[in-house]
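What follows is a single structure, written as structure tokens, with notes after it.
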Amino acid sequence: KAGVTQTPRYLIKTRGQQVTLSCSPISGHRSVSWYQQTPGQGLQFLFEYFSETQRNKGNFPGRFSGRQFSNSRSEMNVSTLELGDSALYLCASSLTGDILHFGPGTRLTVT
Amino acid sequence: KQEVTQIPAALSVPEGENLVLNCSFTDSAIYNLQWFRQDPGKGLTSLLLIQSSQREQTSGRLNASLDKSSGRSTLYIAASQPGDSATYLCAVIGNAGKSTFGDGTTLTVKP
């Protein structure tokens, strides 16, 4: 089976812009969760989707949003980018949310 | 709110040593506990998964244990090698796909 894929792998944006990141889970997996990793804050949970429904959400501002499509692919959107949003964004897929399989991540740099 | 702590934050050992990494969590109502390895700038690679009903799991030179009642897990690495150098993260997986990660232990194995 193909692993979790994330696109794009690298992204440079300017403060104030918005960005959309994509995650394609392992075939058959219905859960996709998103994480932000920064040197100062470590790996923090953003949200989790299961069968197109958001089941859980971390403590991030409303500028961070996501969705999941009927084929389980998920997108994460960040609006009005700030310098502090520069991070490695990781997604993980799972059959039901119990065992995580991570993608390679998207490195976002906000200038 | 689940909190996960990993000790030590960094560890440097000579090749061939056996070592133990520690992970503690505050809420024992967990679904699974998963250990990951992360190389610099990369995604997370799953090492071992321990379900809440299990006490330990083994894979090659790795052994992970779980004591839910005391809120602790350990990752034991036998006969360490330079290729084991990486950051090791533990993740506590709760219901509905919410995961909480520790800040990791950065391991350096010197030849």
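What trypsin sites (Lys or Arg not before Pro) does the range A:1-66 have in DSSP loop regions with at most 15 other beta carbons within 10 Å? Taking the range A:1-66 and a limit of 15 other Cβ atoms within 10 Å, the loop trypsin sites (Lys or Arg not before Pro) found are A:Lys1, A:Arg9, A:Arg15, A:Arg63. For the range A:55-71, the Karplus equation 6.51 cos²θ - 1.76 cosθ + 1.60, evaluated at θ = phi - 60°, returns couplings of 9, 8, 9, x, 8, 10, x, x, 5, 9, 9, x, 7, 10, 9, 5, 8 Hz by residue, with Gly and Pro reported as x. Quote the total accessible area buried by chains B and A together, excluding ligands, DNA and RNA, probe 1.4 Å, nearest 100 Å². Roughly 1500 Å². Treating each Cα of chain B as one equal point scatterer and applying the Debye formula with no solvent, the log10 of I(q)/I(0) at q = 0.09, 0.11, 0.24 Å⁻¹ comes out as -0.21, -0.31, -1.40.
Let me check against my output: what whole-number percent is the relative contact order of chain A, with C-alpha pairs under 8 Å and at least 6 apart?
Details: 292 pairs, mean separation 40.7, N = 111.
Relative CO of chain A lands at 37 percent.
Sorted from longest to shortest, the spans of the Cα atoms of chain A along the three principal axes equal 37, 25, 25 Å. The distance between label points at B:Val13 and A:Thr109 comes to 3.6 nm (points 7 Å beyond Cα on the Cα→Cβ vector). Accessible surface of the protein assembly as shown, 1.4 Å probe: 48 percent of it comes from carbon and sulfur atoms. Average accessible surface for the protein assembly as shown: 47 Å² per residue, computed with a 1.4 Å probe over protein heavy atoms with every protein chain in place. Treating r as the C-beta distance of A:Arg30 and A:Asn59 and R0 as 30 Å, the FRET efficiency rounds to 0.75.
Rounded to the nearest angstrom and listed largest first, the equivalent-ellipsoid semi-axes of the protein assembly as shown from its Cα gyration tensor are 29, 20, 16. Modelled spin-label separation between A:Lys13 and A:Glu52, with each label point placed 7 Å from Cα along the Cα-to-Cβ direction: 2.5 nm.
The values are calculated or read from the model by the stated rules, or taken from the named source; none is laboratory data. None of these values were measured; they are calculated from a predicted model. FYI the Cβ positions are ideal-geometry reconstructions off the backbone, even for glycines, and counts take in every protein chain you see. Areas reflect the complete protein model, heavy atoms only, side chains present, ligands, DNA and RNA absent. Shrake-Rupley method; radii C 1.70, N 1.55, O 1.52, S 1.80 Å.
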